[in-house]
Amino acid sequence: MIMLNSKAQLTVDVIAKVAERKITIANAVKLLNKSRRTIERYLKRYREVGIRFVVHGNTGKEPVNKTPNSLKQQVQSLIREKYYDVNLLHLGELLQANEHIEVKRETLRKWAHDIHHVKRAKRRRGRVHKRRERMESVGLMLQMDGSTHRWFGTQKTCLIAMIDDANSQLFAEFFHAETTAGCLKLLRSVVEKKGVFKTLYVDRAGIFGGPKRCNFSQVQRACEELGIEIIFASSPQGKGRIERAFDTLQDRLVPEFRMRNITDMAAANAYLQHVFIPLVWHKKMTVKPSTTDSEYQPIPNHVNLDDICITKVHRKIRNDHTFTYKGQFYFIESPIKHSIAHQKIEIRNVIGKQFDVYFAGRKLTVSPVIEPTKAPLDKSYTTHSEDIEIQKKLDVLALADKLGNVAEASRLSGVSRDTIYRHRKLVKEGGADALKRQEPPSLHHKNRTDKATEQIVIEFSLANPHLGQVQVSRLLKSERNVTIHASGVRNIWLREKMNTMALRIDKSSVK
């Protein structure tokens with residue numbers, strides 16, 4: 001039994017009429033839109049086998065290049081169990097590299113669709129952005145950014161990356177967060193490997209010197225010292241090269257780390273630097289630049305990266321040649337001919353090392369100032385606290401007597417020389433008890449307005465809340481013969497919390 005469709009049925013009818021000489025071969029050519037040679041071949045086959053001539057000889061037979069069904073089931077099983085979070089292009093590469101299975105992409109796509117395991121890209125409607133051509137030469141522009149993601153394990157980490165706009169060469173490293181130290185470390189590694197480039201394209205984050213940092217940051221300062229110009233992007237699409245690179249890295253690195261059981265940062269950085277970037281990214285993701293010229297410049301001989309790719313802060317010197325840094329007092333011990341009080345020193349801080357202090361390019365020797373510890377504040381031990389405080393003062397005096405130098409004792413203890421001299425005088429006149437803390441003076445200042453006048457001002461102000469301090473002062477003098485300056489009225493208002501008309505109205509209504 002032969003099943004014919006409409007097209008095959010028309011072919012059979014026309015060829016049958018040609019065989020019966022009811023239609024000419026020329027008309028059959030027009031009706032079937034075939035060549036004369038094909039019509040003659042159909043006619044010959046019709047006379048030999050009848051209507052079976054219309055059935056193709058390969059009908060019902062499997063193609064010789066058909067993929068075995070067992071291979072399809074094997075690949076689908078691998079997708080379900082091992083490669084469930086891998087995109088199709090990456091899946092084809094992994095099957096060929098790890099499983100030694102080579103399948104065409106369209107076949108692989110059909111098999112993945114059959115089991116509903118297809119990783120789709122997020123689609124969203126956005127604005128149209130004008131396309132910007134790549135830079136002509138390598139080293140003209142590098143884009144830099146950080147991506148916080150669960151790259152490996154359960155904790156979020158940050159991948160700080162730089163990409164060359166001309167050929168998409170990648171430089172990247174994992175850090176715990178997008179910090180200044182991480183950006184400076186990556187910047188230094190790029191300069192050491194390739195040289196000094198022309199421009200750095202970044203977003204407006206404060207870490208790069210955006211508006212949040214008032215257009216200053218350590219990264220921006222380091223780039224200026226290296227002669228690298230920073231360009232701030234107005235939108236993420238402006239630096240789309242690095243943004244799309246992060247999409248690819250998240251799509252590929254996360255499953256790679258999972259399949260290799262990489263859960264710590266050291267192993268992740270080792271795989272990224274020694275395997276992924278040189279063997280995968282630079283072989284498959286990079287492109288050829290328009291020109292073979294390179295804009296990377298060698299590091300000048302006078303430039304020391306140890307003095308540039310670090311954090312630098314400035315502090316102002318006090319009169320006694322001390323300064324504070326991270327909540328600690330430090331004293332400058334270097335012999336200096338002239339005083340540098342009120343001058344600014346530069347503090348260079350390298351991660352994992354002690355900071356260094358420089359003034360006018362000269363490294364200074366500093367030492368921490370030892371300050372006496374504060375006694376615990378406990379009202380039940382007031383007497384004991386006073387004794388501890390007196391003993392500390394006596395210890396400083398004993399140190400000065402032992403050294404025979406009040407200035408040295410002042411430097412070691414952190415107590416000023418004037419205070420040491422004053423305490424020594426008090427002990428000489430009245431003994432150790434003279435060092436006790438004096439009672440605070442009375443809260444009522446000697447120049448404060450008397451209570452009766454204050455009460456008159458308060459009552460008059462509440463009765464006339466719309467009047468200002470000058471008007472109250474003038475009317476009290478003319479009507480009640482009370483002399484008080486306008487500033488005195490203001491001080492009374494501030495103490496009584498009635499310095500605005502609204503407060504005076506509220507207070508008068510309560511009364």
Output for region 1-24, where each listed residue is open to solvent by 90 Å² or more (accessible area, probe 1.4 Å), within 17 Å of V49 (Cβ to Cβ) and assigned to a helix (DSSP H, G or I): none
The lone exception for L94 - which of (1) over 30 Å from V254 (Cα atoms); (2) open to solvent by less than 100 Å² (accessible area, probe 1.4 Å); (3) of a type in the set (A, V, I, L, M) it fails: (1)
A233, sole failed condition from (1) at pLDDT 90 or above; (2) closer than 23 Å to M285 by Cβ: (1)
Residue in region 41-62 that is modelled with pLDDT under 85, within 30 Å of G92 (Cα to Cα) and exposed (fewer than 10 other Cβ atoms within 10 Å of the Cβ) present: yes
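Every residue, every condition in (1) among the aliphatic types (A, V, I, L, M); (2) touching a Cys at 6+ places or on another chain (Cβ under 6 Å); (3) farther than 25 Å from Q155 by Cα; (4) free of Cβ contacts under 8 Å to residues at least 60 places away in the same chain, yes or no:
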| residue | (1), (2), (3), (4) |
| --- | --- |
| L170 | yes, no, no, no |
| H176 | no, no, no, no |
| R188 | no, yes, yes, no |
| K193 | no, no, yes, yes |
| G209 | no, no, yes, yes |
| C223 | no, no, yes, yes |
| L226 | yes, no, yes, no |
| F232 | no, no, yes, yes |
Count of residues meeting criterion [assigned to a helix (DSSP H, G or I), without any contact (Cβ under 8 Å) to a residue 24 or more places away in the chain and not aliphatic (A, V, I, L, M)] in region 498-511: 2
Region 333-353, residues that are of a type in the set (V, I, T) and under 36 Å from the mean Cα position of the chain (by Cα): I345, I347, V350, I351
Selection status of M162, touching a residue at least 40 places away in the same chain (Cβ under 8 Å), under 28 Å from S294 (Cβ atoms) and open to solvent by 10 Å² or more (accessible area, probe 1.4 Å): no
Region 292-317 residues that are within 17 Å of R188 (Cβ to Cβ), paired with ones that are modelled with pLDDT under 90 and among the small types (G, A, S) (beta carbon under 9 Å, 6 or more apart): I310/A181; T311/A181
Pick from region 245-273, criterion open to solvent by 40 Å² or more (accessible area, probe 1.4 Å) and within 17 Å of the chain's Cα centre (by Cα), ranking: nearest to E133 (Cα to Cα): D247
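Against the definition (open to solvent by 80 Å² or more (accessible area, probe 1.4 Å), touching a helix residue (DSSP H, G or I) at 6+ places or on another chain (Cβ under 8 Å) and closer than 30 Å to K284 by Cα), how does L89 come out, yes or no?
So L89 fits the description; yes.
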Subset of region 398-421 (residues that are part of a helix (DSSP H, G or I) and farther than 22 Å from R318 by Cα): A398, L399, A400, D401, K402, L403
Selection from region 279-293 of residues that are closer than 30 Å to L253 by Cα and either open to solvent by 50 Å² or more (accessible area, probe 1.4 Å) or touching a Cys at 6+ places or on another chain (Cβ under 9 Å) (or both): L279, H282, K283, K284, M285, V287, K288, S290
Conditions (1) modelled with pLDDT of 85 or more; (2) under 17 Å from L249 (Cα atoms); (3) not small (G, A, S); number of the one not met by I115: (2)
Residues of region 464-497 that turn out to be closer than 18 Å to R448 by Cα, open to solvent by less than 50 Å² (accessible area, probe 1.4 Å) and touching a residue at least 24 places away in the same chain (Cβ under 8 Å), as a count: 6
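Being in contact with a Lys or Arg (Cβ under 7 Å, 6 or more places away or on another chain), of a type in the set (S, T, Y) and touching a residue at least 24 places away in the same chain (Cβ under 8 Å) is the requirement here; does S461 meet it?
Spelling it out, S461 is indeed in contact with a Lys or Arg (Cβ under 7 Å, 6 or more places away or on another chain), of a type in the set (S, T, Y) and touching a residue at least 24 places away in the same chain (Cβ under 8 Å).
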Count - residues of region 330-339 that are surrounded by 16 or more Cβ atoms within 10 Å (Cβ to Cβ) and not hydroxyl-bearing (S, T, Y): 2
Residue count, region 348-360 (criterion: within 15 Å of H321 (Cα to Cα) and of a type in the set (A, V, I, L, M)): 1
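The values are calculated or read from the model by the stated rules, or taken from the named source; none is laboratory data. Note that the coordinates shown come from a computational prediction; the quantities given were computed from them, not determined experimentally. Cβ atoms come from the backbone with ideal geometry, glycine included; neighbour counts cover every protein chain shown. The accessibility values were calculated without ligands, DNA or RNA, using every heavy atom of the protein model including side chains. Shrake-Rupley method; radii C 1.70, N 1.55, O 1.52, S 1.80 Å.
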